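J.: Sharing a structure with you now.
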Amino acid sequence: MKIPFLDLLLQYNQIQGEIKEAINSVLENQYFVLGSEGNSFEEEFANFLGAKFVVGVNSGTDALILSLRALGIGKGDEVITPTLSFIATTLAISEVGATPVFVDSDPNTYEIDVNQIESKINKKTKAILPVHLYGSPCCIERIMEIARKHKLYVIEDACQAHGAKVNKQTVGTFGDLAAFSFYPGKNLGAYGDGGAVCTNDKEIYSKLVSLRNYGQKVKYYHDEIGVNSRLDEIQAAVLRVKLKYLDQWNDLRWRIAQEYLKGLKNNKCQEVGPNYKSCYHLFVVESKKRSSLMSFLSQNGIDTLIHYPVPIHLQKCYKILGYKIGDFPVAEKLANSLLSLPMYPELSNEKVKWIIKQMNDYETE
Ligand SMILES: *Cc1c(COP(=O)(O)O)cnc(C)c1O
C-alpha cells in the first residue's frame, strides 16, 4: 500500500467540474484583482468564521505582517509568540521591525504555554501572537484575559486552523485580528498563494483595506505607505468553491483523528481540551525513536513529515537574538520527537487502519 503524506489530487477529482467553471467565469470576465469574486469570498469567509470583516491578501505571512502594521507595531516593540511554530509567525514580527519574544510549549497540548506568558511582559510588549498549532486551538481565552489585564493586542495565527472552535466559537474571532493562510496544503487551500485577515473592528478593517492596496483609499491618492498584497480573483473563485465543503472536510479529518487516537497504542498524541474542536490540519504524535520509525513507515509505503525539526529560537536566522539550546526545553524535546502522520479528508479507513497497524507493530518491537 502506498500512502503519500498529502494527495491534493483526490480532492480536486471531487470538485473538478465546479473549479473549472469558477476559474472559467473569471477568465470570461477578464477582471483579475479586487473584483466581485474577492468581495464575495470575503463576505462568505466572514460568515463562516462569525466575524464582521475579512480582508483577502496575498499569503498568510502577509496577513500577519499587515495585521501587525495595522496595529502600528514596529521598531522598538516586542511581540510574545511560541517558539514551536512555522517560521512565518516570527518572520512577520521581524518584517515590521519588532522583536519576537519566545515562549516555551505546553508538553501536552504543544501550544504556547500560557503560564509562561506574563513573565515575558514588559514596557516594550505590544502584542501576543499565539498560534493555533496543527489546527488545534491554543488557550485563547486565557490569553485574552492576560492581554486585557496588560492592555496588549492579540493577533491569532490561525493559518492552520480554519474552522477550529473553542466552545462553538470559531478561532480567529477571539483576538483583535487573526491571520489565515490559503497555501494549497492548508485545510482551505487555494491553487497558489493566498491569505486573509479577519477582525470585528471597523477601523482596523479600513486600515487593512488601504494597506494591502498601496496605501490608497481613493485611486492614486496615497495617505500612507502601503504594499501590494491582494487575494486575486482566480484564487478567490477557487476558495469560494472549496469553502462550501470545508465543514464536511474538517469533519472527515476529525473522524480520522478519532481512529488514530483510539488505535495508536504506544504514542503520545496532541491533547485537545474538552471544549475544544481541532480541525486537525496535522496529526502529530511523539516517538522516542522517530528517525527509525519514519524509515520503517517509509519502507511500508507510508510517508510522514516533521513539523518542525528546529524550534524558531534555534534557527540560524535568529542567532542574533542570542537564544541557546536548553532555553525552551519542551519545544526542543518536541522538535526532536514529533512526527506528522498522513491526515487529509480523502484518506480511506483502510489506509488509516494500515498506518495504525504499522505504528503499533513498530513501537512494540
Ligand atoms: C502556513 C503558515 C503561515 C504562513 O502562511 P503562508 O500562506 O504560507 O504565507 C503562518 N503561520 C503558520 C502557523 C502557518 O502554518
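The values are calculated or read from the model by the stated rules, or taken from the named source; none is laboratory data. A quick note: this is a predicted structure, and the numbers were derived from the prediction, not measured. Ideal geometry is used to build each Cβ from the backbone, glycine not excepted, and the neighbour counts take in all protein chains shown. The protein model used for the area step is the full one, side chains on, heavy atoms only, and it has no ligands, DNA or RNA in it. Shrake-Rupley method; radii C 1.70, N 1.55, O 1.52, S 1.80 Å.
J.: Among the residues of the stretch 64-109, write down those that are crowded, with 24+ Cβ neighbours inside 10 Å and part of a loop (DSSP other than H, G, I, E, B).
T.: Within the stretch 64-109, Thr83, Leu84, Ser85 meet the criteria.
J.: Where residues in the stretch 280-302 are of a type in the set (Ser, Thr, Tyr) and under 21 Å from Gly135 (Cβ atoms), which of them is nearest to the ligand (Cβ to nearest atom)?
T.: Tyr280
J.: Shifting gears a bit: Report whether or not Ala158 is over 25 Å from Ile325 (Cβ atoms) and in contact with a Cys (Cβ under 7 Å, 6 or more places away or on another chain).
T.: no
J.: Right, something else. Only one of His307, His313 is outside any helix (DSSP H, G or I), under 21 Å from the mean Cα position of the chain (by Cα) and either buried (at least 17 other Cβ atoms within 10 Å of the Cβ) or of a type in the set (Lys, Arg) (or both); which?
T.: Going through His307, His313 in turn, the sole match is His307.
J.: Against the condition closer than 22 Å to Asn228 by Cβ, of a type in the set (A, V, I, L, M), at pLDDT 95 or above and away from the ligand (no atom under 16 Å from the Cβ), how does Ile73 come out, does it pass?
T.: yes
J.: With respect to Asp232, is the statement that it is more than 25 Å from Asp62 (Cβ to Cβ) and in contact (Cβ under 8 Å) with a residue 60 or more places away in the chain true?
T.: no
J.: Is one or more of the residues making up the stretch 255-276 out of contact with any strand residue (DSSP E or B) (no Cβ under 8 Å at 6 or more places or on another chain) and farther than 24 Å from His307 by Cβ?
T.: The answer is yes, given that some residue of the stretch 255-276 is out of contact with any strand residue (DSSP E or B) (no Cβ under 8 Å at 6 or more places or on another chain) and farther than 24 Å from His307 by Cβ.
J.: May I ask you to say which residue of Leu239, Leu297, Leu321, Leu282 is over 26 Å from Ser136 (Cα atoms) and in contact (Cβ under 8 Å) with a residue 12 or more places away in the chain?
T.: Answer to the selection: Leu321.
J.: In addition: I'd like the residue in the stretch 202-220 that is touching a residue at least 40 places away in the same chain (Cβ under 8 Å) and farther than 16 Å from Gly38 by Cβ and, out of all such residues, is nearest to the chain's Cα centre (by Cα).
T.: Ile204
J.: Next up: Report, ordered by the first and then the second residue, all pairs with beta carbons closer than 9 Å, sequence separation of six or more or different chains, a first member in the stretch 135-152 that is basic (Lys, Arg), and a second member that is assigned to a loop (DSSP other than H, G, I, E, B).
T.: Close Cβ pairs (under 9 Å, with a partner that is assigned to a loop (DSSP other than H, G, I, E, B)) amount to Arg142/Ile117.
Okay, residues lined up against (1) part of a loop (DSSP other than H, G, I, E, B); (2) surrounded by fewer than 21 Cβ atoms within 10 Å (Cβ to Cβ):
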| residue | (1), (2) |
| --- | --- |
| Leu261 | no, yes |
| Pro274 | yes, yes |
| Tyr280 | yes, no |
| Ser291 | no, yes |
| Phe296 | no, yes |
| Ile320 | no, yes |
| Lys324 | yes, yes |
| Lys333 | no, yes |
| Glu346 | yes, yes |
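J.: Does Asp7 satisfy being acidic (Asp, Glu) and either at pLDDT below 95 or closer than 30 Å to Tyr323 by Cβ (or both)?
T.: Considered against the rule, which asks whether it is acidic (Asp, Glu) and either at pLDDT below 95 or closer than 30 Å to Tyr323 by Cβ (or both), Asp7 comes out as no.
J.: Just to be sure, is Lys120 of a type in the set (D, E, K, R), more than 18 Å from Asp327 (Cβ to Cβ) and either open to solvent by 10 Å² or more (accessible area, probe 1.4 Å) or out of contact with any helix residue (DSSP H, G or I) (no Cβ under 6 Å at 6 or more places or on another chain) (or both)?
T.: no
J.: Any idea how many residues of the stretch 174-208 are polar (S, T, N, Q) and either open to solvent by 50 Å² or more (accessible area, probe 1.4 Å) or away from the ligand (no atom under 12 Å from the Cβ) (or both)?
T.: Of the residues in the stretch 174-208, 3 are polar (S, T, N, Q) and either open to solvent by 50 Å² or more (accessible area, probe 1.4 Å) or away from the ligand (no atom under 12 Å from the Cβ) (or both).
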